[in-house]
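The block underneath contains the structure these notes are about, expressed in structure tokens.
No lab work stands behind these numbers, since they all come straight from the coordinates. Predicted model, so just to flag it, every value in this text is computed and none were measured. Ideal geometry is used to build each Cβ from the backbone, glycine not excepted, and the neighbour counts take in all protein chains shown.
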Ligand code: SF4
Ligand code: SF4
């Protein structure tokens, strides 16, 4: 179809939100879903999709589009979905997103597209994410998920890292006719999508299907290759016209309290990778069954740790977070899913030290209650908590998972990657077009911004691809 043609849904009756109630995406019961790692949400049926999509009032200046980091053409595909024209809706959806079946599974919609929807001032917002997922799953099931690829233009581009930023950049450039090779240090491509995000949010087959679509359009994946160790930057720049670095931010922020070295105190990301990776990673085994688990932190990784521990047989899972629910960075949707599955949350609670037994194993977390300082906010704009004197208490624990976030891994000092400029916390410095200080080297995603959303990495990858194309044309 011509993506610029006047959509017929513009003539549709609007304001169905007055007659049609918001529907929740079908979700498995908590008792059932904690027995496996399969996704907890399923697709709406077609009648519900059409009804739900018809709730959109087709705003002339759609706030949802502004709220989506990819500026997805949301009202257009909602209008088409309301008419049952799912393949056309998906085609429009693919025009602005490289993984339109993945982003709706992992985006915190309440802070992005749906959180911006004008309807929510009167009613529940349009369920944009569920509809985006449906139309794209429908298209893929009908063999329509592929994109047109330009004839080869004779230029080669390397992508380092196969997480969402790398895959998006590879996809864009391959569509433009570039020969793209993706280098991945793990033995399977997918990066954070495969090793970091639990399958109950994003099943591994969904990521593999996306990687296979890229393979089909000519993208080559070289796995088990660590750039900076097996291959230098200069070697890549000799063979390729440009390189995009999408290597993520995988250096965990440490827990800096006495007892952090006790056995049974481990970082959340290796725990998630070990329990969720589709292949053996050679990480030390972590026994969870029958244990009391305390997770420290309040982001999405903390929710993932709690829910993974529950599925691995923990008897009690508690999240200790120093602010309150309103100031917690994790998605509210994931918070509700975690509580439904049995996780407990202790807000305004901070660890002072970890206690151990005679075998050097952690046995508890010595905590203090927190309160907010009046009128004070920190650099992130969130309210600043301070300890309440005399409020210390002990929280029993057999396993403590640290989920305080991540910084970019420093480039090895003896590697030529260390010529790339980084800021004082190790993030790669780029200009507005994702260019680093080294000509031909671009970067995006978590290595630039620190831990962030999948959809932000996709946006960076697209932006870098556009700059690479401009610079090489
Ligand atoms: Fe919403 Fe994320 Fe989809 Fe954008 S990519 S429309 S923010 S679910
Ligand atoms: Fe539709 Fe809400 Fe977007 Fe308006 S803001 S176009 S009602 S989804």
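Tabulated results
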quantity: FRET efficiency, residue 377 to residue 239 (Cβ-Cβ, R0 35 Å, nearest 0.05); calculated: 0.10
quantity: Net length gained if the chain between residue 325 and residue 339 were fully extended (0.36 nm per residue, minus Cα distance); calculated: 3.8 nm
quantity: Spin-label model distance (nm) - residue 209 vs residue 19, 7 Å beyond Cα toward Cβ; calculated: 3.3
quantity: Mean projected area (nm²) of the alpha-carbon convex hull when segment 8-141 is viewed from all directions; calculated: 8.2
quantity: Extension gain from residue 413 to residue 95, taking 0.36 nm per residue of separation minus the Cα-Cα distance; calculated: 110.4 nm
quantity: Residue 31 versus residue 470: modelled label distance in nm, points set 7 Å from Cα along the beta carbon direction; calculated: 5.8
quantity: Beta bridges per DSSP with both ends in the chain, % antiparallel, nearest 5; calculated: 40
quantity: Chain lengthening between residue 421 and residue 123 when straightened (0.36 nm per residue, less Cα-Cα); calculated: 102.5 nm
quantity: Gap separating the Cα centres of segment 348-374 and segment 23-45, nearest whole Å; calculated: 34
quantity: Pairwise centroid distance, computed over Cα atoms, of segment 73-127 with segment 237-291, Å; calculated: 32
quantity: Share, in percent, of DSSP beta bridges within segment 254-404 that are antiparallel, nearest 5; calculated: 50
quantity: Pairs of Cα atoms farther than 19 Å apart, segment 72-136, %; calculated: 26
quantity: FRET E, pair residue 392, residue 286, Förster distance 30 Å, beta-carbon r, rounded to 0.05; calculated: 0.60
quantity: Modelled FRET efficiency - R0 56 Å, residue 216 with residue 358, Cβ distances, 0.05 increments; calculated: 0.45
quantity: Percent of Cα-Cα distances greater than 42 Å, calculated over the chain; calculated: 19
quantity: Burial ranking of peptide ranges 294-303, 452-461 (average Cβ count within 10 Å, highest at the top); calculated: 294-303, 452-461
